1. Provide, for q = 0.12, 0.16 Å⁻¹, the log10 of I(q)/I(0) from a solvent-free Debye sum over equal Cα point scatterers in the range 43-197.
2. Can you tell me the order of 142-153, 352-363 when each peptide is scored by its average per-residue count of other Cβ atoms within 10 angstrom, highest first?
3. From the convex hull of the Cα coordinates of the range 25-87, what is the mean projected area in square nanometres?
4. Just how far, in whole angstrom, is the range 365-416 from the range 81-156 if you go by their alpha carbon centroids?
5. Highest mean first, what order results for 58-68, 339-349, 244-254 on Cβ atoms within 10 Å?
6. Can you work out the FRET efficiency for the pair VAL235 and PHE52, with r the C-beta to C-beta distance and R0 = 35 Å, to the nearest 0.05?
7. Of PHE26, GLY167, ASN312, which is farthest towards the positive pole of the chain's charge dipole, taken about the Cα centre with +1 and -1 on the beta-carbons of Lys, Arg and Asp, Glu respectively?
8. Quote to one decimal, in nm, the extra length available between THR224 and ASP188 on full extension: 0.36 nm per residue of separation minus the C-alpha distance between them.
Amino acid sequence: MNFNSVTFLIFLPIVLLLYWVLPSKFRWIMLLIASYLFYMSWNAWLIFLILFTTLVSYFSGLFMEKYGERKNIKKTLLVLTLVCCLGTLFFFKYFTFAVNLTIDFFNLFNAGLPQFTFSLLLPVGISFYTFQTLSYVIDVYRGRIKAEKHLGYYALFVVYFPQLVAGPIERPDNLLPQLKAERTFNMDDFCTGLRIMVVGFFKKVVIADGVACYVNAVYNNLETANGVTAILATVLFAIQIYCDFSGYTDIAIGTARTMGIKLRDNFNEPYLAVSIKDFWRRWHISLTSWFTDYVYIPLGGNRCKIWRWAMNVMIVFLLSGLWHGAALTFVVWGAIHGIYQIIGKLKGIALNKLATKYSFKLPEDNVALTFFRRTVTFALVCFAWIFFRGNTLADCGTIITKIFTDWSQTRAALSAMGLNMMGVIRIALSCFVLALLAKIIHYEPSSDNNTATSTRRKATYLFFLAAITVAWIALAVSGEESSFIYFQF
C-alpha cells in the first residue's frame, strides 16, 4: 500500500478516526492490527518474517535484562540475535548477489560456472525494520534502555506503519514511550501533521514523479544520450531522489504527528551542505546516526591513528552502500562517499599545517565562499548519484564517458530525452512552489487570538484538500501509483 495510492487515502482516515475515538488503552491494539494489514497489503506471507524478527529481538532483550550480570549469556544472546536478524536480511536481500559474485570470481580463472538465477522476493522495508530491531537489542545489551516487557507495544514499535517500510529508522527510547503514552486530541498537532503531509505529497507526486520520466529516458536509453543530457538527467535524479525519499519521510512524520507522535527528522536541506561531511549530517540522518552509533564508534571512530580512522570510514560507507542494495553500483557509490570523506579530512589537515607553518589565516566563510563550497559539494554528490541510479557499472561508465567526451547532437539527445522548454518551466515552477509549501510546515500566526487560530486551521484544511486533489489527479492521469524509490531497500 503506497502512500500515494487510493487505498491509503481511504485507509488513513479510517485509522485516524478509530485512533481518536477508541479509549487510550485500546489504541495500541488497533494500531498494531492496522500496521500488520498495511504491511500485508504487499504480500501477506511476508508478515511471518517480521514476526520472526520481532519475537527473536523481544525475547533476546528480556533474557539480556534477566541475566544482566552474566556477560557471557548476554553476549551469546546478542550474537544469536545478530545472526537471526542479519541472517534473514542477508538471505532475502544478498544471497543471490553473493553467490553470483563468487561465481564471477571463479570464472576469472576460467571455471566456466553458470550464473545463479534463483531469485527471492525482497520483503519491503526489511533493511529498515531489521536495523530498528537491532538498535533495540544493542541498546538493551549496553544498558542504555530497559527491556520492553509488553510484547504488544514492542511489536508496534517494530511495525508502526507510517515509518515501517522506508523510515526514519526510529530508536526505542524515542518511539516506545510515545506509543505507550496516553494522549488527547490536539488540534495543533493534527494541523501540523496535515501540513507536513501536504509537502510530502507535493514532493513525491508533482516533482519526483514529474522528473522521473526525463531521468529514465536517459539512464534506460544510453544510446540516445550525450554529455548534456547525461548531466541534466543526473541533476534531475538528484532532485528526484531527494523529493521521493524526503517526500515519503514527510508523509510518515505528518501521519504520526496527526496521532500526536513525533518521529525524528531525516533530512535537513542536504543540498545546501558545504562539504560531504556536512551532507551526511543532513541526508538520511537516521541511517547516518545508526551507522555512527553501532558501527563507526565501536570500530574506534576518530579516536585512533589517521590510517585506522580512514579504514573505519571506508567500512562504514561500504556497508552503507551495500545496505542500499545488492549490487556493485551501490557498493561503488558508498566507496566514493568514503573516499570523499577521507580526502576532505586530509585536505583539512594539510591546510591547517600550511597555515601554521607559514603563519597565515584560513579564509573565513562568506557568501562567495559558501556558494562555492555548496556548488562543489553538490557536484560531487551528483557524480556519486550516477552509480546509485545506473543500472550496471558498465552503464555508469558509459554515462561518465559521455559527460567528458560526447557533446555532439545535443538537439537530438534533448529531443530523445523529452525535455523541452515547457518541461524546464514546469520543473522550475514546481520547485518554487515546493519552497513556498515548505514554509507552511513552520507557519504560525503572530497572534494567539481565536481569529488567528481559525485562520491557521482553515489554511491547513485547504492545503490538505489540495494535496489529496493532486494525488487523485495524478493517479487518474497515470492509471497507477508509482512506488517510492527507497521501498526497494
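Taken together, the values in this text are just the output of simple stated rules run on the coordinates, not laboratory data. Everything numeric in this text was worked out from a predicted model, so none of it was measured. In this analysis, Cβ positions are derived from the backbone assuming ideal geometry, glycine residues included, and neighbour counts consider all displayed protein chains.
1. So the normalised log intensities are -0.64, -0.93.
2. Working: 142-153: 15.0, 352-363: 8.8.
Ranking, from highest mean packing down: 142-153, 352-363.
3. Value for the range 25-87: 5.4 nm².
4. If we compute the Cα centre of each part, the gap is 32 Å.
5. For the peptides 58-68, 339-349, 244-254, the packing ranking is 244-254, 58-68, 339-349.
6. 0.25
7. Projecting each Cα onto the dipole axis, the largest value belongs to ASN312.
8. Contour length minus the Cα-Cα distance gives 7.8 nm.
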